[in-house]
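The values are calculated or read from the model by the stated rules, or taken from the named source; none is laboratory data. Source: prediction; values computed, not measured. Protein only, heavy atoms only, side chains kept; ligands, DNA and RNA dropped before computing areas. Shrake-Rupley method; radii C 1.70, N 1.55, O 1.52, S 1.80 Å.
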Amino acid sequence: VQLQASGGGLVQAGGYLRLSCAASGSIFSRRVMHWYRQAPGKQRESVATITSTGTTTYADFVKGRFTISGDNAKNTLYLQMDSLKPEDTAVYYCAAAKGGWYPNYWGQGTQVTVSS
């Protein structure tokens, strides 16, 4: 299983970015997919999750601002990030579960930097 995240960059507070995660094969439609992030000096934390049936969950700190979605035909996972804040600055990782809920496979990460 290979995951390739992209779409990070530098944006001003209040701006937006859309992250993409290209997945190998057709794993996307059969697995729980995640976005995590890790800020400098902090532990990696869950941001958003989507199941194979389309059910989504979000961390409280991104609810109402971020949207996770997927395109089965393109085997691509997305994270639309709106109303970005400086505290959203982190490396963002996409991840896939092997058969349960928690991630087993990780992408390489993409840097998101939000300036104040």
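In the context of the full set of protein chains, residues of the chain present 52 Å² of accessible surface per residue (probe radius 1.4 Å, heavy atoms only). Applied to segment 82-89, the Karplus parametrisation 6.51 cos²θ - 1.76 cosθ + 1.60 on θ = phi - 60° returns per-residue 3J(HN,Hα) values of 10, 6, 5, 10, x, 6, 7, 4 Hz, with x for Gly and Pro.
Report the full-extension gain for the segment LYS98 to VAL1: residue separation times 0.36 nm, less the Cα-Cα distance, to one decimal in nm.
Contour length minus Cα-Cα distance gives 34.0 nm.
Residue separation of SER29 and LYS74 scaled by 0.36 nm, minus their Cα-Cα distance, works out to 15.2 nm of gained length.
Within the same chain, lysines fewer than 8 places from LYS85 are excluded, and of the rest, those with a Cα less than 22 Å from its Cα are LYS42, LYS63. Remark: the ARG18-SER52 segment gains 10.2 nm on full extension, using 0.36 nm per residue and subtracting the alpha carbon distance. Its Cα gyration tensor gives segment 5-116 an equivalent ellipsoid; the semi-axes, largest first and in whole Å, are 23, 14, 13.
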